[in-house]
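Below is one structure; the comments refer to it alone.
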Amino acid sequence: MLNISACIITNNNHKVIDAIKSVYDSVNEIILVNTCEDFTIDLTEFDKVKLYSFDWCDDFSKARNYSISKATGDWILIIDSDETLKSSIDIITDKYDFYFVKIADGTLDYDSIRIFKNRKDIRFQNKLHESVEDCCKNLKGCKTNIQFFHTISSLPQDELRKKFERNFRILLKDKRSKTKNVHFAKHYFAMQQYAEAIEYGHKVLKQKNINLENKAMISILIYSAYNLMGYGNIGIDYLRLAIQLIPMQVHARYLLVNYLYSLPDKEKHKDLILKQLVTIGSIVTFKNSDLPLDYYCDINFVNKTRKEIEKWQ
């Protein structure tokens, strides 16, 4: 068995017990870092858990990196307090420096680096939406089918607004983050401030240091903002841009099908709609999307819609 340290940060979220139980037999120790003043979780049955406190400073990376600094294992496994490990991790070997895992929440699947060697040069960056990806650019990694399940919690409206306000406050402080405009665009979209979301989306598309995946996701966001404002006809070019940037994806193609299908003269777009559905069907069937956080629609919807459209004159 590899010497693995699971690292978790929590603000006294009692769901962390499920996270601990899910990794308990797969790791040598669990570093649990509490970021709030009060801690009321009973850990007496978990001998492997080492509890530490961290003074919250509006910086997720600092909290993550503090947890890593306390780890003694050769490998680090990062899991959120509202996630659970759903598969074995026995495929981990010294051949690679880091591993991507699948994060699922019942609606979206995406890859994230959550297992990596305990090296001083692998540390989290960004105060919000923290990541080790930049540190791993020149290292050897591998995608896996190891799966973490993320519990979706429906927060009350006042708590949700507090979370948005906290995130906005952190974004304003994070001057060095190259993806801050991405997160500003997402923030304003979530707050239903669509004009501002579009403004920051355009800033993202002009940035040279933003990867194609982020630009494609922001292109979809710009379309969605225009569409919610009643200007889908203006936003449609951003769906085409998203497909151009990341051809192997479902989300933009799915939205394009829905837009064309809603037009009064939809029959004129029969060939284009069918082309999109064929590609969507292939991606959904083989799960070969290149877009993080892609939308995997139901294959039954694809097949049913294709049959309906093929009947058009």
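Structure summary
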| quantity | calculated |
| --- | --- |
| Cβ pairs under 7 Å, 6+ apart, first in the stretch 289-304 and free of Cβ contacts under 8 Å to residues at least 24 places away in the same chain, second open to solvent by 50 Å² or more (accessible area, probe 1.4 Å) | ILE299/THR285 |
| Leading residue by the ranking (farthest from TYR295 (Cα to Cα)) among those in the stretch 248-265 that are part of a helix (DSSP H, G or I) and among the hydrophobic types (A, V, I, L, M, F, W, C) | LEU260 |
| Strands (runs of 3 or more DSSP E) fully within the stretch 1-82 counting 2 or more residues that are over 24 Å from HIS129 (Cβ atoms) and open to solvent by 10 Å² or more (accessible area, probe 1.4 Å) | 49-53 |
| Test: residue in the stretch 100-108 that is touching a helix residue (DSSP H, G or I) at 6+ places or on another chain (Cβ under 7 Å) and either touching a residue at least 24 places away in the same chain (Cβ under 8 Å) or farther than 27 Å from LEU171 by Cα (or both) | no |
| Residue in the stretch 235-247 that is open to solvent by less than 20 Å² (accessible area, probe 1.4 Å), part of a loop (DSSP other than H, G, I, E, B) and out of contact with any Phe, Trp or Tyr (no Cβ under 7 Å at 6 or more places or on another chain) present | yes |
| Selection count where residues are modelled with pLDDT under 95 and among the small types (Gly, Ala, Ser), scope the stretch 30-71 | 0 |
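To keep it simple, each residue is scored yes or no on (1) surrounded by fewer than 18 Cβ atoms within 10 Å (Cβ to Cβ); (2) outside any helix (DSSP H, G or I); (3) free of Cβ contacts under 8 Å to residues at least 40 places away in the same chain; (4) under 20 Å from the mean Cα position of the chain (by Cα).
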| residue | (1), (2), (3), (4) |
| --- | --- |
| ARG119 | yes, yes, yes, no |
| ILE122 | no, yes, no, yes |
| LEU139 | yes, yes, no, no |
| LYS178 | yes, yes, yes, yes |
| ALA197 | no, no, yes, yes |
| TYR200 | no, no, yes, yes |
| MET217 | no, no, no, yes |
| ILE222 | no, no, yes, yes |
| ASN227 | no, no, yes, no |
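The values are calculated or read from the model by the stated rules, or taken from the named source; none is laboratory data. Please read all numbers here as calculations on a predicted model, not as lab measurements. Cβ sites come from the backbone with ideal geometry, for glycine too, and all protein chains shown count toward neighbours. SASA here: full protein model, heavy atoms, side chains in, ligands and nucleic acids out. Shrake-Rupley method; radii C 1.70, N 1.55, O 1.52, S 1.80 Å.
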